[in-house]
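Worksheet: one structure, shown below.
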Amino acid sequence: VAFFRKHRELYAGTRTLADVAVLRSFRSLAWENFTTHLTTLLVEQVLIQNQVPFHTIYDDGLDRLNDYRARVLAEVQFMSEQEMGKVRAYVSAGGGLFGVGSTSLYDEMGRQRYALGLADVLGTDGTSRVEYGKGRAAYLPHVVPKMPLPERRPSYQVDNHYWQLPQNAEEILSALLWCIGGRPSAEMDAGPTVAVEVCERREPHLLILHAVNYDVKRAMGPISASVKLPDGA
């Protein structure tokens, strides 16, 4: 925070160059909070600890999917036909899609479909990887938490003690990298406590690799990093 305040001008007018967009859908988080919230957090934990740049988007972000190489639908259970149409068009045009669990099983009114609405894109044969149009999609039935979850009750607590790499973290990472078509736009050998973001500023043109070490008791370094340049740079 101190660095950001001191160098605020570096971040003015920037846009993210994140590879992955993680959708936080209002309906799914509000109506199926227990499953959707934790599953989304754990997928983000995999991205953070493996230094894969990602960005959080919300429902209106479905109109800007082409800004990302892949997007994550982690138990986004409630989706309208219009929303699914935007996702299909994005993947067909060359985007990547990673779906988890009951994503698209219900419509926007909470009515259950006979199968996942996006089954044609994701394929749902256990664990699957599908080429759809010019794009790629991967599906996993579950993100498996490292710790046993509490019994589901009207009032429950799933706090940050559960925010640890899931048991199938390697499988999740492999699927995500397959969806983006290979290596992420930024790579570092910084270890699991460092999160990475890549930003671009147009005037004057700068690429900013922003790394944050969450282990406040241990300095990191020396660190090697590589960044993929935008087309034409």
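The values are calculated or read from the model by the stated rules, or taken from the named source; none is laboratory data. Everything numeric here is computed off the predicted structure, so don't read it as measured data. So basically every Cβ, Gly included, is an ideal-geometry build from the backbone, and we count neighbours across all protein chains shown. Remember, those area values only see protein heavy atoms, side chains included, never the ligands or the DNA or RNA. Shrake-Rupley method; radii C 1.70, N 1.55, O 1.52, S 1.80 Å.
Just a few scattered comments:
- Which numbered condition residue 114 misses (of (1) within 17 Å of the chain's Cα centre (by Cα); (2) surrounded by fewer than 21 Cβ atoms within 10 Å (Cβ to Cβ); (3) of a type in the set (Phe, Trp, Tyr)): (1)
- Residue that is nearest to residue 179 (Cα to Cα) [pool: residues in the range 82-96 that are touching a Ser or Thr at 6+ places or on another chain (Cβ under 9 Å) and not β-branched (Val, Ile, Thr)]: 84
- The range 81-111, residues that are of a type in the set (S, T, N, Q), on the phi < 0 side of the Ramachandran plot and surrounded by 14 or more Cβ atoms within 10 Å (Cβ to Cβ): 102, 103
- Residue count, the range 1-48 (criterion: closer than 28 Å to residue 162 by Cα, open to solvent by 40 Å² or more (accessible area, probe 1.4 Å) and touching a residue at least 12 places away in the same chain (Cβ under 8 Å)): 6
- On the stretch given as the range 1-59, residues that are in a helix (DSSP H, G or I), out of contact with any Lys or Arg (no Cβ under 9 Å at 6 or more places or on another chain) and over 22 Å from residue 103 (Cβ atoms) total 8.
- Screening the candidates 192, 145 for the property of being over 30 Å from residue 12 (Cβ atoms) and either among the aliphatic types (A, V, I, L, M) or modelled with pLDDT of 90 or more (or both) yields one hit, 145.
- If the condition is being open to solvent by 50 Å² or more (accessible area, probe 1.4 Å) and either touching a residue at least 24 places away in the same chain (Cβ under 8 Å) or charged (D, E, K, R) (or both), then the range 179-204 contributes 181, 183, 187, 189, 192, 197, 202, 203.
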